[in-house]
Amino acid sequence: MSLLEVNDLHVYYGAIHAIKGISFKVEEGEIVTLIGANGAGKSTTLKTISGLLHPRSGSVSFDGKSTLSIPPHKLVSYGLAQVPEGRAVFLQMTVAENLEMGAYTRPPLEVADSMAKVYDLFPRLKEREKQIAGTLSGGEQQMLAMGRALMSRPKLMMLDEPSMGLAPILVEQIFDIIKDLHRSGTTILLVEQNAQMALSVADRAYVLETGKITLSGTGKELAASEEVKKAYLGG
Amino acid sequence: MEFLSYLISGICLGSVYAIIALGYTMVYGIAKMLNFAHGDVIMIGGYISFCGFAYMGLNGWVSLLLAMVVCTVLGILIEGLAYKPLRQATSLAVLITAIGVSYLLQNSALLIWGATPKVYAPLIPLVGPDGAPNALRLFDGQLSISYMSIVTMAACVIIMALLTWFTSRTKLGKAMRACSENKAAAQLMGINVNRTISMTFAIGSALAAIAGVLLCSFNPTLMPTTGSMPGIRAFTAAVFGGIGSIPGAFLGGLLIGIIEAMAKAYISTQLANSVVFSVLIIVLLVRPAGLLGKYVPEKV
Ligand SMILES: Nc1ncnc2c1ncn2[C@@H]1O[C@H](COP(=O)(O)OP(=O)(O)O)[C@@H](O)[C@H]1O
Ligand SMILES: [Mg+2]
């Protein structure tokens, strides 16, 4: 049984058919990436898995349970966490408060311990503990969004374009952290436009084009594929 | 001395406005809607407490508690029945619904309690059993501040302090701030957004009940329309201070109260409203987000 199984999913925005019957799996311990151009339907897919959007048909099961009738705020305690597109940290709250919100569903006694772990992973956040999140740089906000998601101690962490808008050096850093998280046992579903970086860390990958999965394989296979090179890797 | 006594009555009036404005601003912050019916919840609070002491023989303070409980439930019901189904609707649809709820409350009150004004007995009688005024006398009795005024001002400060503590220190209070900023992200944290909005209405409505009792203690004629004008002034106060901001509502409420009292004393009673709203317009021209509000450009 896979940790996450998406089957023949169809999602609409009114009359717009954004996701046209996609199926994919994430096994426990894997990093799986979903790559695709802007507008391909990557964010729509993640939002549907986390319950923010409702599909017209298809199924999603997480850890053996069908999730589609469960409201998003309850899915968190099943072990599902999402780092949203554009980070979506709480800009008017402090770094520490953002992390506390990440642990909203956890027992209060555990929060300090989780926070210490997040600060170990992101020492920059520790230094800015009392700072308002709106005053952080883009890279720091991305770290905060990731740290916040980790506070819920997820089984599966879904990341929506963590490299968006970041300088190359910061992108490297963020991907290093993703690799670290993976090594320490978190399963990861990574959505990216930055195909090169995503394929370099992924165990398996899927290519999403206008709502359909057109290619799939291991990260290495796709990085070597002519079609992917042409469309996503600049030649 | 005269000035001082006008100032105190302004602060006192302003304290009531501030308590109402806090309810407006908290609800606006989280639900992004103007709860037009907030003023009428004040009126219901007034009637419930009136029923408490006039018909049920309860003590004034117990009546206040009763009004708070009833208004809390009422606030949760209004939100759940009227506003929650409109979460995805346009803000115009929500505003019109809120105006509808306001009329519904006023007409229900008319049906239940009739059109004849009730004479409200202040929470703390203005005159003691010995016939002497229940007031603190200062400067050889030249300045007298009623105990009712002192309680009102103290209530406002305590409420403000409690709300500040609540939103900055408690889990639910922080969840409210998270929801006011980004509902989707709040849900991804595991926060039940609907329940949090409902709790905000509960708090706002309990505050409205307190405001109702204080207001009627100063203006003892209680009618189904009693809440409308103070509601509008408090809304003005919330906008004046910066809608969505808790300290803004406090400051705005006090200033509107003081301006109103001064205008009544030194300009004219009839012109007091015009003065209040002129000041509002001028402030909004200079600072569109209000005194303490943060101007946040619409995201495109
Ligand atoms: N709120 C929305 N309303 C209508 N259409 C939308 C909305 N959000 C996304 N879409 C459309 O759905 C498609 C997929 O969008 P999205 O999932 O955001 O793509 P990606 O994340 O891959 O860039 C796009 O064609 C986009 O225009
Ligand atoms: Mg996207």
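The values are calculated or read from the model by the stated rules, or taken from the named source; none is laboratory data. Here the structure is a predicted model, which means the values were calculated and not measured. No Cβ is skipped: glycine too gets one built from the backbone with ideal geometry, and neighbour counts run over all protein chains shown. Quick note on the areas: whole protein, heavy atoms, side chains included, nothing else; ligands and nucleic acids left out. Shrake-Rupley method; radii C 1.70, N 1.55, O 1.52, S 1.80 Å.
Miscellaneous remarks
- Test: residue in the range A:165-179 that is modelled with pLDDT under 95 and within 16 Å of ligand 1 (Cβ to nearest atom): yes
- With respect to (1) more than 16 Å from ligand 1 (Cβ to nearest atom); (2) part of a strand (DSSP E or B); (3) under 19 Å from the mean Cα position of the chain (by Cα), the lone exception for residue A:76 is condition (2).
- Pairs meeting the criteria (first residue in the range A:155-171 and within 16 Å of ligand 2 (Cβ to nearest atom), second residue hydroxyl-bearing (Ser, Thr, Tyr), beta carbons under 9 Å, at least 6 apart or on different chains) are A:158/A:50; A:160/A:43; A:161/A:43.
- A single entry from B:105, B:65 fulfils the requirement of being part of a helix (DSSP H, G or I), free of Cβ contacts under 8 Å to residues at least 60 places away in the same chain, within 19 Å of the chain's Cα centre (by Cα) and within 28 Å of residue B:152 (Cα to Cα): B:65.
Yes or no, residue by residue, for (1) under 14 Å from residue A:98 (Cα atoms); (2) in a loop (DSSP other than H, G, I, E, B):
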position	(1), (2)
B:109	no, no
B:115	no, yes
B:123	no, yes
B:145	no, no
B:150	no, no
B:154	no, no
B:166	no, no
B:173	yes, no
B:191	yes, yes
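- Single match in A:88, A:96 (criterion: within 16 Å of ligand 2 (Cβ to nearest atom), among the small types (Gly, Ala, Ser) and free of Cβ contacts under 8 Å to residues at least 60 places away in the same chain): A:88
- The condition of being within 13 Å of the chain's Cα centre (by Cα) and either under 17 Å from residue B:176 (Cβ atoms) or hydroxyl-bearing (Ser, Thr, Tyr) (or both) holds for only one of B:24, B:55, B:47, that being B:24.
- Selection count, the range A:155-172, where residues are over 24 Å from residue A:5 (Cα atoms) and outside any helix (DSSP H, G or I): 5
- Residue-level analysis places residue B:217 among those that are in a helix (DSSP H, G or I), buried (at least 21 other Cβ atoms within 10 Å of the Cβ) and polar (S, T, N, Q).
- Those residues of the range A:171-196 which are among the charged types (D, E, K, R) and over 25 Å from residue A:41 (Cβ atoms), in sequence order: A:172, A:176, A:179, A:180, A:183
- Scanning the range A:6-44 for residues that are away from chain B (no Cβ under 14 Å), among the polar types (S, T, N, Q) and either open to solvent by less than 20 Å² (accessible area, probe 1.4 Å) or more than 16 Å from ligand 2 (Cβ to nearest atom) (or both) gives A:7, A:23, A:33.
- Residue A:47 vs. criteria within 14 Å of chain B (Cβ to nearest Cβ) and within 16 Å of ligand 2 (Cβ to nearest atom): yes
- Residue A:112 meets each of the listed conditions (1) within 16 Å of ligand 1 (Cβ to nearest atom); (2) in a helix (DSSP H, G or I); (3) open to solvent by 30 Å² or more (accessible area, probe 1.4 Å) apart from (1).
- Options A:86, A:165, A:147, A:139; residue that is of a type in the set (Gly, Ala, Ser), away from every other protein chain (no Cβ under 12 Å), open to solvent by 40 Å² or more (accessible area, probe 1.4 Å) and under 17 Å from the mean Cα position of the chain (by Cα): A:165
- Filtered residue count, the range B:186-232, keeping only those that are farther than 25 Å from residue A:92 by Cα and in contact with a Phe, Trp or Tyr (Cβ under 6 Å, 6 or more places away or on another chain): 3
- Within the range B:191-203, considering residues that are within 14 Å of chain A (Cβ to nearest Cβ) and open to solvent by less than 10 Å² (accessible area, probe 1.4 Å), the one nearest to residue A:83 (Cα to Cα): B:191
- Selection of the range A:115-136 for residues being open to solvent by 70 Å² or more (accessible area, probe 1.4 Å), part of a helix (DSSP H, G or I) and within 14 Å of chain B (Cβ to nearest Cβ) yields only A:135.
- Filter result (β-branched (Val, Ile, Thr) and either buried (at least 21 other Cβ atoms within 10 Å of the Cβ) or free of Cβ contacts under 8 Å to residues at least 12 places away in the same chain (or both)) within the range A:68-83: A:76, A:83
- Restricting B:178, B:206 to those that are part of a helix (DSSP H, G or I) and within 11 Å of another protein chain (Cβ to nearest Cβ) reduces the list to B:178.
- Filter result for residue B:36 (free of Cβ contacts under 8 Å to residues at least 12 places away in the same chain and over 15 Å from residue B:215 (Cα atoms)): no
- Residue match in the range A:51-66 (condition: open to solvent by less than 30 Å² (accessible area, probe 1.4 Å) and either within 16 Å of ligand 2 (Cβ to nearest atom) or part of a helix (DSSP H, G or I) (or both)): no
- Total residues in the range B:234-267, condition farther than 17 Å from residue B:286 by Cβ and open to solvent by 30 Å² or more (accessible area, probe 1.4 Å): 11
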